[in-house]
């Protein structure tokens with residue numbers, strides 16, 4: 001049942017495209033920021049990482065974030081808030097990839113509940129990748145699930161600490 005609930009959230013996040021994000025902060029750190037500000041920082045970090053791996057301007061001509069999908073999403077059905085979901089294609093550049101980054105501007109009083117939900121989702125992903133690809137499971141073991149002000153985020157990425165730092169810069 002728990003797996004079904006997690007799957008429902010992921011599917012809901014993946015198809016729940018929104019026109020934009022609101023700025024309904026609860027007065028905590030970063031309340032004057034929007035999810036789109038954080039998205040810009042995440043995008044810049046991923047692009048810098050891809051460039052350091054040899055990707056060139058040509059690689060970014062047709063797709064501003066090659067190998068990744070990006071959606072602004074809402075989890076309002078679950079009462080959490082609005083956010084974004086950045087996910088590597090299951091196969092990016094010919095390799096299996098478990099990268100997922102989710103950032104939510106939580107509704108007042110919902111940050112801890114959302115963090116707990118994302119931690120449960122993280123455990124489900126870890127179980128999946130342990131059975132499927134141990135190298136990607138190691139990446140998930142180093143994931144970050146964190147609350148900063150009224151934002152809750154989940155980072156599975158080769159340099160999760162770098163994404164965390166980029167988000168932190170926006171929210172400081």
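The values are calculated or read from the model by the stated rules, or taken from the named source; none is laboratory data. None of the values given here were measured: they were computed from a predicted structure. Don't worry about glycine lacking a Cβ; one is built from the backbone with ideal geometry, like all the others, and counts go over all protein chains shown.
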Of all residues in the range 15-72, which are part of a loop (DSSP other than H, G, I, E, B), closer than 22 Å to residue 168 by Cα and at pLDDT 80 or above?
65
Can you pull out every residue in the range 121-145 that is touching a strand residue (DSSP E or B) at 6+ places or on another chain (Cβ under 8 Å) and crowded, with 17+ Cβ neighbours inside 10 Å?
121, 122, 125, 136, 139, 140, 143, 145
Subset of the range 110-163, residues free of Cβ contacts under 8 Å to residues at least 12 places away in the same chain and within 26 Å of residue 33 (Cα to Cα), comes to 116
Restrict the check to the range 103-112 and report whether at least one residue is at pLDDT 90 or above and out of contact with any strand residue (DSSP E or B) (no Cβ under 6 Å at 6 or more places or on another chain).
yes
Within the range 86-96, can one find any residue that is surrounded by 15 or more Cβ atoms within 10 Å (Cβ to Cβ), at pLDDT 85 or above and either in a strand (DSSP E or B) or touching a strand residue (DSSP E or B) at 6+ places or on another chain (Cβ under 8 Å) (or both)?
no
Using the structure shown, decide if residue 155 is outside any helix (DSSP H, G or I) and surrounded by fewer than 18 Cβ atoms within 10 Å (Cβ to Cβ).
no
Taking the stated definitions as given, is residue 111 closer than 16 Å to residue 82 by Cα and crowded, with 16+ Cβ neighbours inside 10 Å?
yes
